[in-house]
Amino acid sequence: MSKIEESVEVAVPVTKAYNQWTQFEEFPRFMDGVERIEQKTPTLTHWVTKIGGVKREFDAQITEQIPDERVAWTTVEGEARQAGVVTFHRIDDQHTKIMLQLEHDPEGIADTVGDKLGFVRSKATTDLKNFKKFIESRGTETGAWRGEV
């Protein structure tokens, strides 16, 4: 199991950053390689990804969700095994630090080599930077889910 920790500071209030992160179906707009996410239930998402030419589908279960604080998940079925948590930290009224902690279990030789070369960490960093550009350029979130799990 590979462990990754990355963070980014965004120039939006914590509520806007959190609200946008809960819009899982919008992830393809800032996560390269994510083709589609379907919100099946408030706590279950279906992902379709294509990374490095490899297409995968899997389901992820939200295991914990506290508004403006954290979203945690784990894969429950499909072609990827991972678990993670994203936490939101108020810096001031207009700035938020977003921290990602991810455990990823590479499958097969290509995944293992890519993981050892830092591909997964680099992708996580890029996705967080793309989220920063996305939310800052919009100035507002595309929606919100304020439920608690």
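General remarks:
- Evaluation of Gln82 against (1) touching a strand residue (DSSP E or B) at 6+ places or on another chain (Cβ under 8 Å); (2) without any contact (Cβ under 8 Å) to a residue 12 or more places away in the chain (one fails), failing number: (2)
- The stretch 104-115: number of residues that are open to solvent by less than 40 Å² (accessible area, probe 1.4 Å) and in a helix (DSSP H, G or I): 3
- Any hit, the stretch 126-136, residues being surrounded by 13 or more Cβ atoms within 10 Å (Cβ to Cβ) and without any contact (Cβ under 8 Å) to a residue 40 or more places away in the chain: no
Let's see how each residue does on (1) within 21 Å of Ile135 (Cα to Cα); (2) in a strand (DSSP E or B); (3) hydrophobic (A, V, I, L, M, F, W, C):
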residue	(1), (2), (3)
Val71	yes, yes, yes
Glu77	no, yes, no
Val85	yes, yes, yes
Met99	yes, yes, yes
Leu102	no, yes, yes
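- Within the stretch 35-69, considering residues that are charged (D, E, K, R) and either closer than 20 Å to Ile98 by Cβ or not in a strand (DSSP E or B) (or both), the one most open to solvent (accessible area, probe 1.4 Å): Glu69
- Residues in the stretch 102-149 that are within 20 Å of Thr49 (Cβ to Cβ) and under 14 Å from the mean Cα position of the chain (by Cα): 16 in all.
- Within the option set Glu5, Glu35, Glu57, Glu77, being more than 18 Å from Glu141 (Cα to Cα), touching a Lys or Arg at 6+ places or on another chain (Cβ under 7 Å) and among the acidic types (Asp, Glu) holds for one residue only, Glu35.
- Filter pass, Gln101 being surrounded by 15 or more Cβ atoms within 10 Å (Cβ to Cβ), farther than 18 Å from Glu25 by Cα and free of Cβ contacts under 8 Å to residues at least 40 places away in the same chain: no
- Considering residues of the stretch 16-34 that are within 16 Å of Trp73 (Cα to Cα) and part of a loop (DSSP other than H, G, I, E, B) only, the residue most open to solvent (accessible area, probe 1.4 Å): Gln23
The values are calculated or read from the model by the stated rules, or taken from the named source; none is laboratory data. Bear in mind that the values here come from a model prediction, so they are computed numbers and not experimental data. Heads up, the Cβs are rebuilt from the backbone with ideal geometry, glycines too, and the neighbour counts pull from every protein chain shown. For accessibility, only protein heavy atoms count, side chains too; no ligands or nucleic acids. Shrake-Rupley method; radii C 1.70, N 1.55, O 1.52, S 1.80 Å.
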